[in-house]
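For reference, the structure is listed below as C-alpha cells.
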Amino acid sequence: MGETITLTAADGHQFSAYRAEPSGEANGEAKGGPRGAVVVIQEIFGVNGHIRDVTDGYAGQGYLSIAPALFDRFERGVELDYTDEGMAVGREYKAQGNENLDSVMADVQAAHDSVAGAAPGNNKVGITGYCWGGVVVWAAACRLDFAAAACYYGGGIVDLKDETPKCPTILHFGKDDASIPMDDVDAISAAHPDLAVYVYDAGHGFNCDRRASFDEESAKTALKRTLELFAGNVG
C-alpha cells in the first residue's frame, strides 16, 4: 500500500519516511479523498515491517499516513528484529534520540507538514507512537501543533510530565509492563488529572503482533479508542 519517500527537516537534514495513502470507497476516496492525516512514530526498532503495517492500517481507516525514520539522524536504514540484540542496539539509538529531542521534533514537524492538508479544507494531523515513539508523541503534542495524540507505553513520558499537551491526548499503558512502573503512570495522571490514561491487562509492547507480549484484546481496545480520538479531532 505504501512507499518510501524522502523528507527534509527545517535544518536541512534529509531522511526517509514510509507513506501510505488510503484507497477505495470504504476509505473515503469516493467522498473526495482522505479524511485527514496521521503521523506514526516508531518503536526503538526503527521503521520496520510492524510499523509499516501499522501505517498501512491507518491508511486503511482513510487517513494519509506517514512514519518518519527518526533514527536516520544517527544511522540510516535502521530496521531491527524483536530480539535481545535488536533491543540492545535500539536502546542505543533511543538514547541518542533523547539527547537530540529538538532535532527529532524537527523531523516530526517535517512529517506533519508533508501530510497536512491531505483532506480538502482540512489541515489537521493526528499522531500516534509506540514505545520510544510514545515519548516522542508526548513531546510533539506538547511542543508542536497536532490535532490529537495517542501515546502507547512511553516509558520516558514521566520525565516530561511537567509539559502539557496542546491537543487532545490519550495514553495507553500495560499494568504488567516491567519497564514502566505503575508509580510512573500514577505520577503522570497526578500531574494531568484531566488526561485520559488507559491501563490494560497487558505488558510492554502489547500492540505489536511480532512480540511475545502481544495482547490482541488490549490492542483492539486501544486502537478503537485511538480511532475515536482521531475521528473526533482529525477527521
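Would segment 170-188 turn up any residue that is surrounded by 24 or more Cβ atoms within 10 Å (Cβ to Cβ) and within 28 Å of Ala110 (Cβ to Cβ)? Yes, segment 170-188 contains a residue that is surrounded by 24 or more Cβ atoms within 10 Å (Cβ to Cβ) and within 28 Å of Ala110 (Cβ to Cβ).
Looking at Val104, is it within 20 Å of Tyr152 (Cα to Cα) and either outside any helix (DSSP H, G or I) or more than 19 Å from the chain's Cα centre (by Cα) (or both)?
In short, no.
Return yes when Gly33 is assigned to a loop (DSSP other than H, G, I, E, B), more than 23 Å from Leu144 (Cβ to Cβ), in contact (Cβ under 8 Å) with a residue 40 or more places away in the chain and not charged (D, E, K, R) and no when it is not. Judged against the criteria, Gly33 is a match.
Does Gly129 count as part of a strand (DSSP E or B), within 18 Å of Val47 (Cα to Cα) and touching a residue at least 12 places away in the same chain (Cβ under 8 Å)? It would help to see each step written out before you state the result.
On the way: part of a strand (DSSP E or B): yes; within 18 Å of Val47 (Cα to Cα): yes; touching a residue at least 12 places away in the same chain (Cβ under 8 Å): yes.
Spelling it out, Gly129 is indeed part of a strand (DSSP E or B), within 18 Å of Val47 (Cα to Cα) and touching a residue at least 12 places away in the same chain (Cβ under 8 Å).
Against the definition (more than 16 Å from Cys151 (Cα to Cα), acidic (Asp, Glu) and surrounded by 16 or more Cβ atoms within 10 Å (Cβ to Cβ)), how does Asp215 come out, yes or no? The answer is yes for Asp215. Working only within segment 153-181, note down all residues that are more than 20 Å from Tyr200 (Cβ to Cβ), of a type in the set (Asp, Glu) and assigned to a loop (DSSP other than H, G, I, E, B). Those that are more than 20 Å from Tyr200 (Cβ to Cβ), of a type in the set (Asp, Glu) and assigned to a loop (DSSP other than H, G, I, E, B): Asp162, Glu163.
Checking each residue of segment 110-122 against the condition of being more than 20 Å from Gly97 (Cα to Cα), small (Gly, Ala, Ser), modelled with pLDDT of 95 or more and not in a loop (DSSP other than H, G, I, E, B) gives at least one match.
Before we move on, is Asp81 surrounded by 20 or more Cβ atoms within 10 Å (Cβ to Cβ) and touching a residue at least 24 places away in the same chain (Cβ under 8 Å)?
Working: surrounded by 20 or more Cβ atoms within 10 Å (Cβ to Cβ): no; touching a residue at least 24 places away in the same chain (Cβ under 8 Å): yes.
Criteria not met by Asp81.
If Ala149 meets every condition in (1) part of a helix (DSSP H, G or I); (2) small (Gly, Ala, Ser); (3) buried (at least 18 other Cβ atoms within 10 Å of the Cβ); (4) touching a helix residue (DSSP H, G or I) at 6+ places or on another chain (Cβ under 8 Å) apart from one, which number is that one? The one condition Ala149 does not meet is (1).
The values are calculated or read from the model by the stated rules, or taken from the named source; none is laboratory data. Everything quoted here is computed from the prediction, not taken from an experiment. Positions of Cβ are backbone-derived with ideal geometry, glycine not excepted, and every protein chain shown enters the neighbour counts.
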